[in-house]
Amino acid sequence: MDTKFDQYLEFPCDFTYKIVATARPTLPDEVVQVVQQHAPGDYAPTTRASTKGTYHSVSICVRVESKEHIETLYKSLAAIEGVRRVL
């Protein structure tokens, strides 16, 4: 990834990720599990269902230390089965 987060953010900072994936009850736990591997802490993700209920979006705020940390989390979250987008 060739992002410019380091030009716009001062680290460390809180960064919110939004993960959109096929709907399933275990999705928030899967997201927290991945985040815990890279940034251990207590997390309380919020979940919203799409209009038809086909997809869920999970938002989670993570304390990140660098541009590379942000990018690593993007890649790891995108690798979760059923994920369509990480915003």
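The values are calculated or read from the model by the stated rules, or taken from the named source; none is laboratory data. All figures in this text were calculated on a predicted structure; none of them were measured in a lab. With ideal geometry, Cβ positions are generated from the backbone for all residues, glycine too; neighbour counts draw on all protein chains shown. Heavy atoms of the whole protein, side chains included, go into the accessibility calculation; ligands, DNA and RNA do not. Shrake-Rupley method; radii C 1.70, N 1.55, O 1.52, S 1.80 Å.
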Check your understanding: Which is farthest toward the positive dipole end of segment 15-87 among His69, Leu87, Val32, measuring Cα position about the Cα centre, with Cβ charges +1 (Lys, Arg) and -1 (Asp, Glu)?
Key -> Leu87
Study note, to complete from the structure: The size of the Cβ-based charge dipole (Lys, Arg +1; Asp, Glu -1) of segment 18-87 about the Cα centre, to the nearest 20 debye, is 380
Point to revise | Backbone N within segment 65-87 under 15 Å of label point (7 Å from Asp6 Cα along the Cβ vector) | key: 65-72
Study note, to complete from the structure: Looking only at lysines whose Cα falls under 16 Å of Lys18's and that sit 8 or more positions away or on another chain, we get Lys75
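Given a 1.4 Å probe, how much area per residue of the chain is accessible, in Å²?
Here the residues of the chain average 64 Å² of exposed surface.
Taking K and R as +1 and D and E as -1, what net charge do the other residues with C-beta under 15 Å from the C-beta of Asp29 add up to?
It works out to a net charge of -2.
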Point to revise | Apportionment of accessible area to carbon and sulfur, the chain, percent (1.4 Å) | key: 48
